[in-house]
1. Can you pull out every residue in the stretch A:11-63 that is at pLDDT 90 or above and in contact with a strand residue (DSSP E or B) (Cβ under 8 Å, 6 or more places away or on another chain)?
2. Residues that are buried (at least 19 other Cβ atoms within 10 Å of the Cβ), of a type in the set (D, E) and at pLDDT 80 or above: does the stretch A:206-217 have at least one?
3. Somewhere in the stretch B:72-88, is a residue touching a residue at least 24 places away in the same chain (Cβ under 8 Å), more than 13 Å from B:T139 (Cβ to Cβ), in contact with a helix residue (DSSP H, G or I) (Cβ under 6 Å, 6 or more places away or on another chain) and more than 10 Å from chain A (Cβ to nearest Cβ)?
4. Within the stretch A:93-131, track down each residue that is away from chain B (no Cβ under 12 Å) and in contact with a strand residue (DSSP E or B) (Cβ under 7 Å, 6 or more places away or on another chain).
5. Of the residues that sit in the stretch B:97-123 and are free of Cβ contacts under 8 Å to residues at least 24 places away in the same chain and at the interface with another protein chain (Cβ under 7 Å from one of its Cβ atoms), which one is farthest from B:I148 (Cα to Cα)?
6. Working only within the stretch A:108-137, note down all residues that are in a helix (DSSP H, G or I), among the acidic types (D, E) and crowded, with 20+ Cβ neighbours inside 10 Å.
7. Regarding B:T60, is this residue surrounded by fewer than 20 Cβ atoms within 10 Å (Cβ to Cβ), out of contact with any Lys or Arg (no Cβ under 6 Å at 6 or more places or on another chain) and away from chain A (no Cβ under 14 Å)?
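The values are calculated or read from the model by the stated rules, or taken from the named source; none is laboratory data. Because the structure is a prediction, the values reported are computed rather than measured. Quick reminder, even Gly has a Cβ in these numbers, built from the backbone with ideal geometry, and neighbours come from all protein chains shown.
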Amino acid sequence: MRQFFPVEDLARDERFVQTNMAERMKDGRTAIELKESSAKSRGASKRLTPERHDASDAARGLMHGIMVGEIQALEGAGRTAHDFAAGDGTNDTVPFELKLDMARQAWDEARHVEISAKLSDWMGTELGEFAENTVLFEAACSNDPILRLAGVNRALEGLAIDVFTQMKEFGDIAGDPYLEFCEDWMLADEVTHVKMGSDWLRKVTANDPDRRNKALEFQQVVDKLFSFGGARGESPESSFTLAKRFRELAGFTDDEVKTISEMDAEALAERRAAVLRYREKVGADAPA
Amino acid sequence: MSQTRRYGAFAHRSPVGGWSHEFTSFGGMTDTTQTESTARAPFAPWDRRDIPGSFSVDETARRVGNYKWTEMKLFEALGGWVATVPELDVKMRLGTHCYHHAWHADLWHKRLPELREMKPERLTVPANAAMERFIEAMTEPEAPELTIEKLVGVYRVLIPRFIAAYTYHRNNTSEITDAPTIRSINFILQDEYDDWRDGEMLLQSLITTSTHVERAAAHQAKLEALMVEAGGITGFDSIGMGTHTITEGGA
């Protein structure tokens, strides 16, 4: 077995169709409003609420996205348990206890796949009904295990905290205690995983500030990528908000939470500008 | 009148570990108005644990080091394989079992300093070079169509060897001096049985044609030969046989 495993080789059965972030952002169905929306404008809010006319499909799509994300998180944690020898954290090694944590995370993610598959079935979704974005596993492919921790455990598992909080609220408002119950349990695990990433990042780079800075920069890149062009943020056009309280529990400092919040806003503004440029180039009738 | 149940004279162990049956008033009732003695024998009649064991501290540490090395190799392999298998149920089982074996490795890692090995890495080694070759061969399959080979190596060769070595250790070590090792082995063995059952059932569900049967058998034979060369998880004394000689037609 190879030491490192490329994203293109991820093994799936024939039901799954994979895509990447670039393809996803080109999809016209992910359109956003170009103007600052008012709270009253119909359809301006992208928040997942039961009142939305497309709430059922949106929730099923999001749940499928969560499930394939959990599959990749399972694969990523498994690879990190495998790819690096036990050692002192230098020269391509990781502490033995970090490997154990990754194995534990693999178990947690396996349970999350089970939970998500049950929930998808409960919500009436077939496996493979929606495309699978492989960006999560891409963040788990770095040759530096600390970058993996920053990209996956802190950025992406952090995102999972935000998404699960949203889904838990949706379950509560929609009167679906089954959904709310499951999301609550997964949320507890995700907080643990993010904290795991925060703790190991600090421990392993305690005497290597350059490595720590590189890891944090990588985390910012992934965080911004996963802002989905403003999908996460305080704007009503954002699909979900930053779950600040849970992020604090997971080891994020106030400054870090503030930075992510600012990045989310920037991502939304950048996406609006990009869509405007595109429309000017190809004509006003082009899809957003 | 309140009464209390108490034991009379306990049975005594003879110096060679046998029993001299001198039960006198075991299970009898007594009047609590009399002064009640709290003097009891150190071992209750049902407690048959004994001191003698087959392994010294050093020998136990050596075996535990071999267990830890092999459990580590196993959890690393299971974790690495998760991304390589297309079958969703297998993928999830591998992730779950990955943690079980990591936990076993952790239990042994923590046991080593208690066995006077303050640098656990020193004893975290394979039993011999053949064991290393076995692990290399077991972890070689990577392609997505080789799920049967991956599972055969783990669930039909390695885990049965783990069950054998752990059972031999548990049954032959001192029940009193080495109780911490026995406690860990008992927890671990439960996982091994459960995981073996999971893996075997997955294999039975995947092996559905004569070609599958041949593939599984051929791979098992190849790995089993390497394992025989290694002698088992802790070498040739894994289950107490203690011989390097392989005799044609039976040992």
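1. Residues satisfying the conditions are A:R12, A:F16, A:V17.
2. no
3. The answer is no, given that none of the residues of the stretch B:72-88 is touching a residue at least 24 places away in the same chain (Cβ under 8 Å), more than 13 Å from B:T139 (Cβ to Cβ), in contact with a helix residue (DSSP H, G or I) (Cβ under 6 Å, 6 or more places away or on another chain) and more than 10 Å from chain A (Cβ to nearest Cβ).
4. Scanning the stretch A:93-131 gives a single hit, A:A131.
5. Result: B:D106.
6. First, pick out the residues of the stretch A:108-137 that are in a helix (DSSP H, G or I): A:108-122, A:135-137.
Narrowing further to those that are among the acidic types (D, E): A:108-109, A:114, A:121.
Across the stretch A:108-137, the qualifying residues are A:D108, A:E109.
7. No; evaluated as a whole, the condition is false for this residue.
Yes or no, residue by residue, for (1) surrounded by 14 or more Cβ atoms within 10 Å (Cβ to Cβ); (2) within 14 Å of chain A (Cβ to nearest Cβ); (3) without any contact (Cβ under 8 Å) to a residue 40 or more places away in the chain:
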residue: B:A137; (1), (2), (3): yes, yes, no
residue: B:K150; (1), (2), (3): yes, yes, no
residue: B:N172; (1), (2), (3): yes, no, no
residue: B:D178; (1), (2), (3): yes, no, no
residue: B:Y193; (1), (2), (3): no, no, yes
